[in-house]
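Colleague: The structure's right below; bear with me while I get my questions together.
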Amino acid sequence: MIVQEAWKGGTDVGRKKDKETDTIKITNQEGIALATDPQPFDDGLAQLQAASDHLFDLAQHGSCQITAYHRDQVAFSVKIKLPIEGKIEDLITDLISQRQEVTSPPATDVSVANETEPDSASEPVSTDSLAADTTPKRTRNRSHRTVAKKPKRTAIKLPSISLPKVSRSFLKHLITIAVLLIIAGGFLFGTKLVVDAYNAPPSYTSLIKKGDYLQAGKLYPNRRDDVRKTLTDQSNVKQLAKFQRIYPKAETLFDLAYLQHDYSKVIAMSNRVTLSQERQAKLAIVYVHTKQFDAAELINEQLKSKTLSEVIALGYVRQKDFDKAQKINDKLKDSTISQAIEVGKKYAAGIDAFNKIASDPKQPADKRQQAKQTVKTFEHALSTLGESNNPNS
């Protein structure tokens, strides 16, 4: 390639190419994506030229750092902007020429005269002429583009960059030290992770799984309500009572009283706690158990629970308050409630009829006794009518 010949022939025009392979490295890339490893000089320039042409076609810009090596030594390193007007090869030739001008000793008038005497056929290729001819060649090769008229190209003057030479043994020492530092840092970091993991408190989830509720409440005070809810949902009266002793709360007393069927305490605590929807449902059920159906119905007006409405309606049936039961069922339109109302009315009528026989002195004693027994049977049947429908009976 012309560039390599100009590079290698800077001090000894006409000598043959060296056996060592010249390489180029393209780094700090912006707007392009080429291999960053050292590669043959010609291949690198070809890839860079293709990338420059591609950016030119897209009307986009990019940049990269070019570092050229000769005999494993840095020849030059420079940052260029892409796309290049003309050929990358011409730009590199200019850079090489400038480097030779800086590094070559000044020539005397005699040597200049001697160098200009040979025939033009034996003279080295002029890099200035190549640079001047770059733009026209690009225009001819890409005739389909519309290129604005450009001012006459001038030679790019870049400062010569010289890098300090570092011996390979010194580099090996540096790499060894860096590797040792990385290993030591990794060891210290890993040790810290192990120590932190060992000293870290057990997680909330692990404590709950182990049933260590008191420790969970101690280590995670902001999750004590979660512990209470877990124990309440599990109906774990024993553990909930222990938790209440250490971390007392009115709502927990309410839930404990409900789980222990202490209905009078539930009613007493109801005005001291925040009645969530769940606790309102519990209070309504307690009112059903204590046969306070009017209070249960009042709470259910907010809950709008169909199941609770059925339970309240059956409660009214057991109390022989069939009108209130029918009023609820007018909204429910439940066939089971309708049947319970009809059966309840029959039980109530039977109870009244046999009560009259049992209290009639004109009736024989054995008949009165039998009537009393029948009344007890009917009353029990009425009091348990539809009891399976009650989810908390």
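Colleague: (1) out of contact with any strand residue (DSSP E or B) (no Cβ under 6 Å at 6 or more places or on another chain); (2) among the charged types (D, E, K, R); (3) surrounded by 13 or more Cβ atoms within 10 Å (Cβ to Cβ): which one isn't true of residue 22, the others all being true?
Modeller: (1)
Colleague: If we keep just the residues of segment 334-356 that are part of a helix (DSSP H, G or I) and among the acidic types (Asp, Glu), which is farthest from residue 379 (Cα to Cα)?
Modeller: For segment 334-356, the residue satisfying everything is 342.
Colleague: Right, another one. Of all residues being among the aromatic types (Phe, Trp, Tyr) and either touching a Cys at 6+ places or on another chain (Cβ under 7 Å) or within 20 Å of residue 98 (Cα to Cα) (or both) in segment 42-80, which is surrounded by the fewest Cβ atoms within 10 Å (Cβ to Cβ)? Just the residue, please.
Modeller: First pass over segment 42-80, keeping only residues among the aromatic types (Phe, Trp, Tyr): 56, 69, 76.
Narrowing further to those that are either touching a Cys at 6+ places or on another chain (Cβ under 7 Å) or within 20 Å of residue 98 (Cα to Cα) (or both): 69, 76.
Working: 69: 18, 76: 20.
This residue is 69.
Colleague: Closer than 30 Å to residue 344 by Cα and more than 38 Å from the chain's Cα centre (by Cα): which single residue out of 242, 265, 238, 282 fits that description?
Modeller: Result of the check over 242, 265, 238, 282: 282.
Colleague: Go through segment 351-366 and count every residue that is farther than 16 Å from residue 319 by Cβ and surrounded by 16 or more Cβ atoms within 10 Å (Cβ to Cβ).
Modeller: Of the residues in segment 351-366, 4 are farther than 16 Å from residue 319 by Cβ and surrounded by 16 or more Cβ atoms within 10 Å (Cβ to Cβ).
Colleague: Condition first: of a type in the set (Ser, Thr, Tyr), at pLDDT below 95 and farther than 13 Å from residue 317 by Cβ. Can you find one or more residues in segment 369-387 that meet it? It would help to see each step written out before you state the result.
Modeller: Going through segment 369-387, the residues of a type in the set (Ser, Thr, Tyr) turn out to be 374, 377, 383-384.
After this cut, where a residue has to be at pLDDT below 95 as well, the list is 383-384.
Among the residues that remain, those that are also farther than 13 Å from residue 317 by Cβ are: none.
The answer is no, given that none of the residues of segment 369-387 is of a type in the set (Ser, Thr, Tyr), at pLDDT below 95 and farther than 13 Å from residue 317 by Cβ.
Colleague: Right, here's the next one. Considering each residue of segment 289-311, count those that are of a type in the set (S, T, N, Q), surrounded by fewer than 19 Cβ atoms within 10 Å (Cβ to Cβ) and in contact with an Asp or Glu (Cβ under 9 Å, 6 or more places away or on another chain), and give that number. Reasoning before the result, please.
Modeller: Just the residues of segment 289-311 that are of a type in the set (S, T, N, Q), to begin with: 290, 292, 300, 302, 305, 307, 309.
So of that shortlist, the ones also surrounded by fewer than 19 Cβ atoms within 10 Å (Cβ to Cβ) come out as 290, 292, 302, 305, 307.
From what is left, the residues that are in contact with an Asp or Glu (Cβ under 9 Å, 6 or more places away or on another chain) are none.
Number satisfying all stated conditions: 0.
Colleague: Filter segment 301-318 down to residues that are more than 18 Å from residue 336 (Cβ to Cβ) and not acidic (Asp, Glu), then give me how many there are.
Modeller: 3
Colleague: What are the pairs with Cβ atoms under 9 angstrom where one residue, in segment 259-270, is of a type in the set (Asp, Glu) and the other, located anywhere, is surrounded by 15 or more Cβ atoms within 10 Å (Cβ to Cβ) and modelled with pLDDT of 95 or more? Sequence gap at least six, or different chains.
Modeller: Note: pairs meeting the criteria are 262/256.
Colleague: Right, something else. Where the second residue is β-branched (Val, Ile, Thr) and surrounded by 11 or more Cβ atoms within 10 Å (Cβ to Cβ) and the first is on the phi < 0 side of the Ramachandran plot and in contact (Cβ under 8 Å) with a residue 12 or more places away in the chain and lies in segment 220-237, which pairs have Cβ atoms under 6 Å and are six or more apart or on separate chains?
Modeller: Cβ pairs passing all conditions: 228/252.
Colleague: Quick one: which residue in 273, 286 is part of a loop (DSSP other than H, G, I, E, B), of a type in the set (A, V, I, L, M) and surrounded by 16 or more Cβ atoms within 10 Å (Cβ to Cβ)? I'd like the intermediate steps shown before the answer.
Modeller: Details: 286 fails: part of a loop (DSSP other than H, G, I, E, B).
The conditions single out 273.
The values are calculated or read from the model by the stated rules, or taken from the named source; none is laboratory data. Here the structure is a predicted model, which is why all the values come from computation and not from measurement. When we count neighbours, we look across all protein chains shown, and the Cβ atoms used for this are built from the backbone with ideal geometry, even at glycine.
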